[in-house]
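Structure record follows, encoded as structure tokens.
Please treat every number below as a calculation from the coordinates, not as lab data. Predicted, not measured: the structure shown is a model, and the values here were computed from it. As a convention, Cβ positions derive from the backbone with ideal geometry for all residues, glycine included, and neighbour counts pool all protein chains shown.
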Amino acid sequence: MTNVASYQDETLVVRDVRVHLLAGGAGEPLLYLHGAGITNVWLPFHARLAAGCHLLAPDLLGFGRTDRPHWLDTVQDFVIHYLDLLDALGLERVHVAGLSLGGWIAAELAVWASHRLKSLTLIDPAGLYLPGCEVPDLFVLDPAQIVRLLVHDPALAERLLAVPETPELAAQRLKGQVTLARVAWNPYLYDPKLSQRLHRVRVPTQLLWGAEDRLFPLAMAAAWRAGLPEARLLVLPDCGHLPPIERPEQCADAISRFVSECAAR
């Protein structure tokens, strides 16, 4: 698998919403939806994915350089938007992968529109509630505390925290926090109806989970497998909530293999 250094950085308008999109590579189309704490910057994870597929990595609605429309207040609003985005790109069916909040959106997309998906990869997804599993409150933690919570390797966490925060990045972080509060404040980071709807997911599915995730512990994978009994689970050792950051090669390769397998069916 070769590295893909070149990519397109563009802004398109989808039903009056400006969307920032990174795209690279060729082959099977893969829509990647990032988590709430990060937006799409072209990282080694993206490059490795793009080496085996046509990667489409938009900033989520209300995050990064994508608009937050006035009508956005539920995760289901993201679903309609991404169906509109696929229409705008002329894509009938795609593979979809999502991290955390992006995983929740990807799962909802598969619930409501499995016919538009070729495969589904959920990476440490939000969206489900597990009794007895207390999820830390991200809204009361400062940015440094959040990074140290999400990243298993303390040395990596400190390297990430050492990167200076520009005024633009600070504004994007605050913008993302407001968006997350609008769609996932109450109930906190889950949809009480999602578990009873997962049977509508009729597409090959895999779960990727950091073994040391302290936001959504590995035990939560059981809740997903209860609703997605045919889904495979791959646990990534020595990894927290952000496999694309902590285990970029392993995470990207697991997605790429699944995409290739499902494309060959």
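Give the residue list of chymotrypsin sites (Phe, Trp or Tyr not before Pro) in segment 16-110 that are DSSP loop and have at most 14 other beta-carbon atoms within 10 angstrom.
For chymotrypsin sites (Phe, Trp or Tyr not before Pro) across segment 16-110 that sit outside H, G, I, E and B with at most 14 neighbouring Cβ atoms in 10 Å, the list reads W71.
Please give the net charge around H95, taking every other residue with its beta carbon less than 11 angstrom from that of H95, where Lys and Arg add +1 and Asp and Glu add -1.
Summing Lys/Arg as +1 and Asp/Glu as -1 gives +1.
Run through the DSSP bridge list for segment 1-132 and note the antiparallel percent, rounded to the nearest 5.
Among the beta bridges of segment 1-132, antiparallel pairing accounts for roughly 45 percent.
How long is the chain along each principal axis, judged by its Cα atoms, biggest number first, in Å?
Answer, in whole Å and largest first: 43, 40, 40 Å.
Of the residues P58, P69, P167, which exhibits the maximal mean-square fluctuation in a Gaussian network model of the chain defined by a 10 Å Cα contact cut-off?
P167
From the residues T205, A254, A97, which one has its Cα farthest along the dipole of the chain in the positive direction, the dipole being from +1 and -1 charges on Cβ of Lys/Arg and Asp/Glu about the Cα centre?
Projecting each Cα onto the dipole axis, the largest value belongs to T205.
Assuming 0.36 nm per residue, please report the length gained on full extension of the stretch R257 to D238 beyond their Cα-Cα distance. Could you put the intermediate results ahead of the total?
Details: separation 19, 0.36 × 19 = 6.84 nm, distance 2.12 nm.
This chain segment gains 4.7 nm when fully extended.
Between beta-carbons, use under 14 Å as the cut-off and find the net charge around L85, counting Lys and Arg +1, Asp and Glu -1.
That works out to -4.
Given the DSSP H assignment, sum -39500 (n - 2.57) over each helix run of at least 4 residues in the chain and divide by its residue total; what's the result at 222 nm in deg cm²/dmol, nearest 500? All intermediate terms of the calculation are to be shown ahead of the outcome.
Numbers: 9 runs with 97 residues, N = 265.
Calculated from helices alone, the mean residue ellipticity at 222 nm is -11000 deg cm²/dmol.
State the antiparallel share, in %, of DSSP beta bridges confined to the chain, rounding to the nearest 5.
Details: 11 of 34 bridges.
Among the beta bridges of the chain, antiparallel pairing accounts for roughly 30 percent.
Using amide H atoms built in the peptide plane, which far-off residues or other-chain residues are under 5 Å from D213 H to H?
When sequence neighbours closer than 5 places are left aside, the close amide H contacts are L218.
Determine the sum of side-chain charges near L128: Lys and Arg each +1, Asp and Glu each -1, restricted to other residues whose C-beta is under 15 angstrom from that of L128. Let's see the in-between values first.
On the way: positive: K193, R197, R200, R225; negative: E108, D124, E134, D191, D213.
Here the count lands on -1.
Normalising by the residue count of segment 1-80, find the relative contact order in percent from Cα pairs under 8 Å and 6+ residues apart.
33 percent
Quick query: amide H of L33 versus all other amide H atoms, modeled in the peptide plane; which residues come in under 5 Å with a sequence gap of 5 or more or a different chain?
A97, G98, L99
Quick one: Cα centre-to-centre distance for segment 130-147 and segment 183-202, in angstrom?
With segment 130-147 and segment 183-202 each reduced to a Cα centre, they are spaced 19 Å.
Would you grab the residues whose amide H sits under 5 Å from the one on A126? Only those 5+ places off in sequence or on another chain, please, with H modelled 1.01 Å from N.
S100, L101, G103, W104
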